[in-house]
Amino acid sequence: MEAIVAVFSDWGIGSAGTQQVVLRADRKHFRELTEGAAVLVGRRTMEDFPGGKPLKGRHNIVLSRQSLDIPGAEVVHSEEEAVLAAEAHDRCLIIGGASVYRRMLPWVDTVHLTQIDLRPVSDSFFPDLDADPDWVCSECGPWLEEENIHYRFCTYRRRISKE
Ligand SMILES: NC(=O)c1ccc[n+]([C@@H]2O[C@H](COP(=O)([O-])OP(=O)(O)OC[C@H]3O[C@@H](n4cnc5c(N)ncnc54)[C@H](OP(=O)(O)O)[C@@H]3O)[C@@H](O)[C@H]2O)c1
């Protein structure tokens, strides 16, 4: 599975249930990478989507421990159920939030990461992949700029075990 996330320089990803900074270029990048694929999302992050509804043009798999009926989404109740649901699709990207990234990381081999060169106060964080020997930054594009905010698109990959 893949994950897609925008991180600040301290690996913060959000505060009070939302993203403090959203770049237009990053939205476009997100759309391009997820269009037509399945996306796995936590119930809280889905509530922060426009209208609190699943994303159009993708198969939405929502993780929740509650029995919810969400029109336009498939609801799963555990990590194992999420993996089974994801396996039914050619491509599934984990799109957050913090708890879902953390719980599902063992099944992820590629992370599409937008680095945003800011450090607002966050209460939600992505695991620090630079500090994790299982992960390597395989590609990093040039620094770009939008409204005086610097950002770049990187790809992290899980190192292949030599066992
Ligand atoms: N920067 C980015 O790219 C990015 C992307 C996405 C989100 N975010 C940020 O991340 C923050 C939200 O993260 P969060 O951790 O608070 O919420 P979350 O991960 O979006 O959702 C948490 C909810 O998911 C369900 N859940 C999680 N793990 C589960 C499991 N193993 N089994 C069953 N259900 C499970 C539970 O729902 P129930 O309570 O219904 O049981 C839980 O309360 C926000 O600030 C958001 O803006 C940032």
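Each reported figure results from applying straightforward, stated rules to the coordinates on display, with no laboratory input. These numbers were taken from a predicted model, which means no experiment stands behind them. Glycine gets a Cβ as well: all are built from the backbone with ideal geometry, and neighbour counts include every protein chain shown.
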Restricting the stretch 56-87 to residues that are part of a loop (DSSP other than H, G, I, E, B), within 9 Å of the ligand (Cβ to nearest atom) and not polar (S, T, N, Q), the residue that is surrounded by the most Cβ atoms within 10 Å (Cβ to Cβ)
77
Strands (runs of 3 or more DSSP E) fully within the stretch 88-163 counting 3 or more residues that are free of Cβ contacts under 8 Å to residues at least 60 places away in the same chain:
135-140, 149-158
Taking the stretch 44-92 and keeping only residues that are under 26 Å from residue 16 (Cβ atoms), more than 14 Å from the chain's Cα centre (by Cα) and among the acidic types (Asp, Glu), one is left with 47, 79
